[in-house]
1. Would you mind checking Lys38/Lys646; Lys646/Lys727; Lys426/Lys555; Lys426/Lys464 for any pair whose Cα atoms are more than 22 angstrom apart?
2. In nm, to one decimal, how far is the Asn720 label point from the Lys555 one, both placed 7 Å along Cα→Cβ?
3. If each of Arg375 and Asn109 carries a label point 7 Å out from its Cα toward its Cβ, how far apart are those two points in nm?
4. Suppose every Lys and Arg Cβ carries +1 and every Asp and Glu Cβ carries -1, with no other charges. What dipole size does region 77-176 come out with about its Cα centre, to the nearest 20 debye?
5. Going through region 336-394, which GluC sites (Glu not before Pro) have at most 10 other Cβ atoms within 10 Å and a DSSP loop state?
6. Quick one: which residues, 5+ away or cross-chain, put their amide H under 5 Å from the amide H of Ile494? H built at 1.01 Å from N.
7. So which GluC sites (Glu not before Pro) in region 118-178 pass both tests, a DSSP loop state and at most 14 other Cβ atoms within 10 Å of the Cβ?
8. Taking the Cα centre of region 269-407 as origin, work out the dipole magnitude from +1 charges on Lys and Arg Cβ and -1 charges on Asp and Glu Cβ, in debye rounded to 20.
Amino acid sequence: MKNFLNRPLISIGALLILFLCQLSADPSTFAMRMNGHKHNMEEDYLERGIQEWYDIYTDSLDLTAMMDSMVQDVGLSIIEFSQPEDATVIYAEDSSGAYEFVIGLSLDNWVVVAEGAGCIFDIGISGIGATIGGTSEFGSTGLDVTLGEPTPLDPVVTVDGSGFPWCDGMEFIVQEGVEGIIDSFLDSLTLALDGLGLDSMFVFGDLLGALGIDDEELLAAAFASFPMDLTIVTENDPEENVVQLIYDMDFLTGTSTDPQAFVGIEPDPVNGSQLEIGGFSYLYWQLQRGFHWHEDWDDTQRVNAAFDIMESLSINGFRMETFWGRVQSQAYVEDGLDPADVTPEMIDDFLADPEHWDDSEFAAIFDILDNSLARGLTPFMAIGVGHEDRPPRTADGLRIAPATAGWELPDNFIAVTPETYLYNLKIYAHATVRKYADYVDVWQAENELDAAAFAAADPEWWRKGDYWLDRDFRNQVMDVLVEAIRTEDPTGLITHDLHMLGFMEALEDWIDDLDIIGFNYYPNQAWALPNMGFSMGEYVWAVRRALAGLGHAGKPVWLIESGFPGIELDDPPDSISLEEDMIYFSENRQDKYISDALNSAVENGINGFFYFSLTAEEDEDVGGGGALNTYMRYSGLIRKDTDEQKVALVPFANLYNELVMEVGIEPSELAMPQDYVLYQNYPNPFNPTTSIRFYVPIGVETYSNTSLQIYDITGRVVDNLVDANLKSGTYEIVWNASSHPSGLYFVRLKAGKSRQTRKMLLVK
């Protein structure tokens, strides 16, 4: 699957770039409509540029030290400080005529809390930022932007002191000190903005040459059954001063169903924001090449390492794949094999045949499943996956492929009839489902089977054999798997990981067999933008629209695979005009992307949400060949050579758990994985009990002096909840405040050098 996914052809980012390459150098602004929803791409490009510049700029400052030094001068200490990680970029047309547009850069989400002398000071900072006018031109090589001189915004600092009577008198002193620091920060910010260059922010390159496919009919067939509508227009054309259509695609027109059936369909509104299940995909397969610094680990140890991470983050599900070629160690290739001859009663006989079946492989998977269920992790299992290394071997060590004699296969493959291929598949499917039915509630029948034709069209991709080009054969494959699941596990649910390519045709063919509509979506590939995370929700909406048009609006929808740009350069560029910026995503940008994608998916009705990988592969050959590897680095929520989490993993888990617990969609909290995390209590307000969760990072064995205390508004400790040495993991403490009066309280976590505080409101 991975080699296929690494082709830019399949990503919405690549589609956009493909069409944008057709733009002339004249238009200054362009927009797109996805499913009828307008989106200004120039605004997105500018936001990305400003944000990544801000990431680099703030890395060079130490505002925490500046703030801490100031409060120490008046006998205080900082108990919580966080500066905005995200710059809010406001893009607007300029009515003055001096510029084409005006950008407003705003940094508003400051959190500062200081304490001392029996006082607690809540310091509010808002209105920091600047406005800057600019001009732009979109040429064949990229977006050229020229910015004018920035005008700073007036910051507002407020200080609210609580505690003893003298606290009010200290507010002015604290405010004066904070204002001085903020003024200095603003001066530095505007000076840095004045020297910001955004020219040639994106270089498109030769995308058409990188596609590696010159079959126009194949491309047309792929796009014809793509479920998302896309329109690209230019606005404010300097020659015409009109809105000019550049490209218009209705991907639903290639379906056998009357396209008019989908016109005007709006899926039913989503009620609530709860996720049913989510986590990570293809644990067994992916982690075999993950944690590669642990050379002595076996497969079970690698998967258990992932389980440790999932358990600590309260993630509840994962996708696991069985290896057809390892469970069925040898293929049947005799003449005259017919899948119709295989009966359920024959399966036990096949399983007892050591020449063809590897019992140790079954045992290894049982160990993994037993461990997952003991930890409260829910598996769903993929079977029959037709990757090049998945089919069983012949006695000569050759993989089987459904192909005619004239089809060119690699030397390590042998052509078999489609009947022989289906015969082996049927035995394997029945055996596997029978073995694991007590553990598995949801089965994934094959993977990206709808895209098999496009994979098979290129001998370098992972589908082997010309029968994959045949829609009828692909339907037979699905029929075999569905029949095996229904026979061996009548209560089991069936899903499939539908690819973007061939989506609508496959959905029409298999809709009655699928209990859950699963799909993958990788908008992060090929010149991706952090704020392109929104397109995840657009795609979910398109899938739900397609279901409504086919009369199956009520079926649950799972995003089974997705990724995000996982690259963070060791030496980030000091200018965003460098070509390397096409693959540079700071960890904060990775977090934004994940948060936006998850939020937008939930808002549009997703019921399950899975990321493809835990492990990073930045320094490995990820497939696709040549220049494509420059852009296709999407794996990685833990680092490539340690067990340390990337900053994006904890916010993903935090947000995911908030959605699962039905507490609404909130922006993710940035928390460095090497530090502790104190989550907001729930419920809040509360009466009289509330749950307080905190997190000890992976890789931490023990910490001394880990404490969790409750303070009242006077700064007095009213309860000690934790005082212990704790191992890594997520902890939850229930505080019963029945003996305390109504009012504002503070929960404070102290661990190592970490100090974190949350406000709680008790209402009786």
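Only the coordinates and a few stated rules stand behind these numbers; no lab work does. Since this is a predicted model, take the numbers as computed values, not measurements. All Cβ positions, even for glycine, are placed from backbone atoms using ideal geometry, and neighbour counts span all protein chains on display.
1. Lys38/Lys646; Lys426/Lys555, as the Cα separations exceed 22 Å there.
2. About 5.9 nm separates the two model spin labels.
3. Each label point lies 7 Å from its Cα, and together they span 2.9 nm.
4. Here the size comes out at about 80 debye.
5. Passing both the DSSP loop test and the Cβ count: Glu355.
6. Here Trp443, Asp515, Ile516 satisfy the definition.
7. none
8. 840 debye
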